[in-house]
Every structure is written in structure tokens, then in C-alpha cells.
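Report on the structure given below.
The values are calculated or read from the model by the stated rules, or taken from the named source; none is laboratory data. Because the structure is predicted, anything quoted here is derived from the model rather than measured. Positions of Cβ are backbone-derived with ideal geometry, glycine not excepted, and every protein chain shown enters the neighbour counts. All accessible areas refer to the heavy atoms of the entire protein, side chains included, with ligands and DNA or RNA removed. Shrake-Rupley method; radii C 1.70, N 1.55, O 1.52, S 1.80 Å.
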Amino acid sequence: MDKQTQKDILVHKTFKAMLNILVIFSLPAFAALFLGKFLQDKISIGFNIIWPLLAGAFIFSWVMTFRLYFKISEEFKKLDQEKENSK
């Protein structure tokens, strides 16, 4: 497989990663919102539980996004190194 094809594959992976990021942020946020509403209705809690759950979902989403970014970045670096070594 030549270098241009590998780069095209990585660009496609990056595009798919953007769609994954959309899912990474939306699913935990909606889960936290619905879980918070459920807990608020079922259990009599003196404070609003939704905000801490949303904060946790936000932090979780960013951790997952950084992991995905570093994984793809590592693959691009490997491709660049292979390209430089082959020259």
C-alpha cells in the first residue's frame, strides 16, 4: 500500500472520528439528563442532581475525545515517519 493511500485512509478515519465525537458528547449528556430526571422524581434529593451528572458526562466526553485524538495523531506520526524513512 502506498503512502498516499494510507494517508487517505487516515483522513477517512479522522472524518469518522468527528462523527464519533458527536456520539461521545451526545450520548453521555442525554443519559445524564434522563438519569438525573429519573433520580430527581424517584428519590427525594435536596439538591439538583442533574448538574453534577452533566458535569461528569462532560468530563467523561472530553477524556474519550482526547484518547481518540491521541490515537489518530499517533497514526499520522507513524505515517510521516515511514514517509521520511523511505526517502
Looking only at the stretch 68-77, count how many residues are open to solvent by less than 100 Å² (accessible area, probe 1.4 Å) and either closer than 14 Å to LYS16 by Cβ or of a type in the set (Phe, Trp, Tyr) (or both).
4
Selection status of PHE60, touching a helix residue (DSSP H, G or I) at 6+ places or on another chain (Cβ under 7 Å) and open to solvent by 80 Å² or more (accessible area, probe 1.4 Å):
yes
Inter-residue pairs, beta-carbon under 9 Å, first under 16 Å from GLU74 (Cα atoms) and in the stretch 1-15, second among the aliphatic types (A, V, I, L, M) and surrounded by 10 or more Cβ atoms within 10 Å (Cβ to Cβ), 6+ apart:
LYS3/LEU79; GLN6/LEU79; LYS7/LEU79; LEU10/ILE72; LEU10/LEU79; LYS13/ILE72; THR14/ILE72
Filter result for ILE50 (of a type outside the set (Asp, Glu), surrounded by fewer than 11 Cβ atoms within 10 Å (Cβ to Cβ) and farther than 28 Å from PHE15 by Cα):
no
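Listed here are the residues, each with its yes/no results for (1) modelled with pLDDT under 85; (2) loosely packed, with under 15 Cβ neighbours inside 10 Å.
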position: HIS12; (1), (2): no, yes
position: ILE24; (1), (2): no, no
position: ASP41; (1), (2): yes, yes
position: PHE66; (1), (2): no, yes
position: SER86; (1), (2): yes, yes
Out of all the residues in the stretch 25-43, is one or more over 30 Å from LYS83 (Cβ atoms) and in a loop (DSSP other than H, G, I, E, B)?
yes
